[in-house]
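Below is one structure, written out as structure tokens; comments come after it.
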Ligand SMILES: [Zn+2]
């Protein structure tokens, strides 16, 4: 084993330690990876893989590991690929229980997961673009045709997980905004929380007709911010109040003089 890991190798004859276990595992992983590695492979992915404390043993795992470490890049790429596809003709954002539809506006709309608009095997169900070896988004290998066994890009899966659960990436987002609260400008505390600047219920209510690739931006970094907890609680409270007031207003048709507006819930 060469490289930085060699510095931690246990002296010969000593008890097996954590690092010698890791060294032998990494040696095996490296051998497996090198055997499976094609002549052409994305250089940044390989560099990233070889620098992992635990080496990914297959090219596909190396690609996954790369995107997991570059969440915001995956988010940008997935949205750029979706923009290349555009929305399918006649598609609108709907909620429901039919295949491919989400039953909540909290999940990003995904037209290419709907059977009517699916582009078939070899195309990504998230962005609609062709998928190549190892879930890569570009045909580095000059295959000319997509990989028929693949149904998504590795980058798009990473982006999808991020869009559905952005709070899990609070550390990445904190770093991205220089550890400053986007609302108050103060330093972010440990308890800071991830917030959608435009809340998703308003995306559904007010921006539903926006073009689909643009819609995805409401789930991605452009609409995410980390704010201190106290700021977040106040913002959520104001949003809940606004929704309740709107529900009450909608419940009472303005032209009916006999309708009594119900008192707010205690
Ligand atoms: Zn994709």
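A short reminder: the numbers here are calculations on the coordinates, not readings from a lab. Quantities reported herein were computed from a predicted structural model and do not represent experimental measurements. In this analysis, Cβ positions are derived from the backbone assuming ideal geometry, glycine residues included, and neighbour counts consider all displayed protein chains.
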(message) Can you give me the distance in nm between label points at residue 230 and residue 27, each placed 7 Å from the Cα along the Cα-to-Cβ direction?
(response) 5.6
(request) Mind giving me the FRET efficiency for residue 186 and residue 145? R0 is 41 Å, r the Cβ-Cβ distance, nearest 0.05 is fine. (result) 0.15
(message) Order these by the 10 Å Cβ neighbour count, fewest first: 71, 126, 40.
(response) 40, 71, 126
(request) Divide by every residue of the chain the summed helix terms, -39500 (n - 2.57) for each DSSP H run of at least 4, and state the resulting mean residue ellipticity at 222 nm, rounded to the nearest 500 deg cm²/dmol. (result) -12500 deg cm²/dmol
(request) Classify the chain as rounded, prolate or oblate from the Cα gyration tensor: take a ≥ b ≥ c as the square roots of its eigenvalues, call it rounded if a/c is under 1.5, otherwise prolate when a/b beats b/c and oblate if not. (result) oblate
(message) Rounding to the nearest 10 and keeping the result within 0 to 90°, find how far the Cα-based axis of helix 229-251 lies from the longest principal axis of the chain.
(response) 40
(request) Can you figure out the FRET efficiency of residue 50 with residue 20, using R₀ = 25 Å and their beta-carbon distance, to the nearest 0.05? (result) 0.85
(request) List 105, 134 from most exposed to least, where exposure is judged by having the fewest other Cβ atoms within 10 Å. (result) 105, 134
(message) Only counting other Cβ atoms within 10 Å, I'd like 227, 157 sorted with the fewest neighbours first.
(response) 157, 227
(message) If I stretch the segment between residue 68 and residue 40 completely, what's the gain in nm (0.36 nm per residue apart, minus their alpha carbon distance), one decimal?
(response) 7.9 nm
